1. Quick test of your reading of the structure: Val107 fulfils all but one of (1) of a type in the set (A, V, I, L, M, F, W, C); (2) in the same structural domain as Phe40 (by TED's automatic domain parsing); (3) at pLDDT below 95. Name the failing condition by number.
2. Please state which one of Ser92, Ser168, Ser144 is of a type in the set (S, T, N, Q) and either closer than 22 Å to Leu36 by Cα or touching a Ser or Thr at 6+ places or on another chain (Cβ under 9 Å) (or both).
3. Quick check on this structure: which one of Ser144, Ser116 is in a strand (DSSP E or B) and either surrounded by fewer than 16 Cβ atoms within 10 Å (Cβ to Cβ) or at pLDDT 95 or above (or both)?
4. Within the range 190-205, can you find the residues that are in a loop (DSSP other than H, G, I, E, B), touching a residue at least 60 places away in the same chain (Cβ under 8 Å) and on the phi < 0 side of the Ramachandran plot?
5. When you go through Leu122, Leu87 one by one, which is the residue that is modelled with pLDDT of 95 or more, crowded, with 17+ Cβ neighbours inside 10 Å and out of contact with any Pro (no Cβ under 6 Å at 6 or more places or on another chain)?
6. Which of the residues belonging to the range 24-76 are closer than 19 Å to Val190 by Cα and touching a Gly at 6+ places or on another chain (Cβ under 9 Å)?
7. Within the range 147-189, how many residues are under 14 Å from the mean Cα position of the chain (by Cα), outside any strand (DSSP E or B) and farther than 21 Å from Arg51 by Cβ?
Amino acid sequence: MIKEKIQRAELFRYFILYKPFRVLCQFSPIEGKNTLKELFEFPKDVYPVGRLDEDTEGLLILTNDTSLNNKLLDPKNSHVRTYLAQLEGIISDEALKRLEAGLAINVRGERHKTKSALSKFLVDEPMVPLRIPPIRFRKNSPTSWIELSLTEGKNHQVRKMTAAVGFSTLRLIRWKIENLTVEKMNSGDVVEIDKTEIYRLLKLH
């Protein structure tokens, strides 16, 4: 039995993807849409852990380790997810404080009070890959970047939170989950990582 468990563990594969803009988090084809299948030849038994919206970029984990999937997605486990968001307009200190304190958003038709979060105004534009196509530049409409760290992942949560404080999200990137990050990766890059390392970076046991 122990030998069988060891052999099974050795078959686990872990991939980190910087998901590009306008790519669906699935392998099955949809006419006129880009999917994960076009990005890389993943093993057939590997699937995404959670999802990113079609218009959201950044960190996506793919694995055949169902245990990792359960540990990351179980609401009882509060893993810190850090996003970079480019907003329409220059966000105010008051709006940042409201994001941190928690606010009401609509989740699947019900009112939800978000958990406390960490927010930070980024004075300098972050070093991130170019988006294709790029955000449309409008001379009379400045933008700002924030870093937002959450311990929950409701549907469209970041976009709903920034909208609730009066700022539309123009570009959204999942940058980190705990200490696992896509920093220094380009859009579409795939990196394979071993179990010990990914569990360490995700603070899992």
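1. With (1) of a type in the set (A, V, I, L, M, F, W, C); (2) in the same structural domain as Phe40 (by TED's automatic domain parsing); (3) at pLDDT below 95 applied to Val107, the lone miss is (2).
2. Ser168
3. So the residue among Ser144, Ser116 that is in a strand (DSSP E or B) and either surrounded by fewer than 16 Cβ atoms within 10 Å (Cβ to Cβ) or at pLDDT 95 or above (or both) is Ser144.
4. Asp194, Leu202, Leu204
5. Matching residue, one of Leu122, Leu87: Leu87.
6. Cys25, Leu39, Phe40, Gly50, Leu52, Leu60, Ile61, Asn69, listed by residue number.
7. Here the count works out to 2.
Yes or no, residue by residue, for (1) touching a strand residue (DSSP E or B) at 6+ places or on another chain (Cβ under 8 Å); (2) over 17 Å from Trp175 (Cβ atoms):
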{"residue": "Phe27", "(1), (2)": "yes, yes"}
{"residue": "Leu36", "(1), (2)": "yes, yes"}
{"residue": "Phe40", "(1), (2)": "yes, yes"}
{"residue": "Val49", "(1), (2)": "yes, no"}
{"residue": "Thr56", "(1), (2)": "yes, no"}
{"residue": "Leu62", "(1), (2)": "yes, yes"}
{"residue": "Asn77", "(1), (2)": "no, yes"}
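The values are calculated or read from the model by the stated rules, or taken from the named source; none is laboratory data. Note that this is a predicted model, so its numbers are computed, not measured. So basically every Cβ, Gly included, is an ideal-geometry build from the backbone, and we count neighbours across all protein chains shown.
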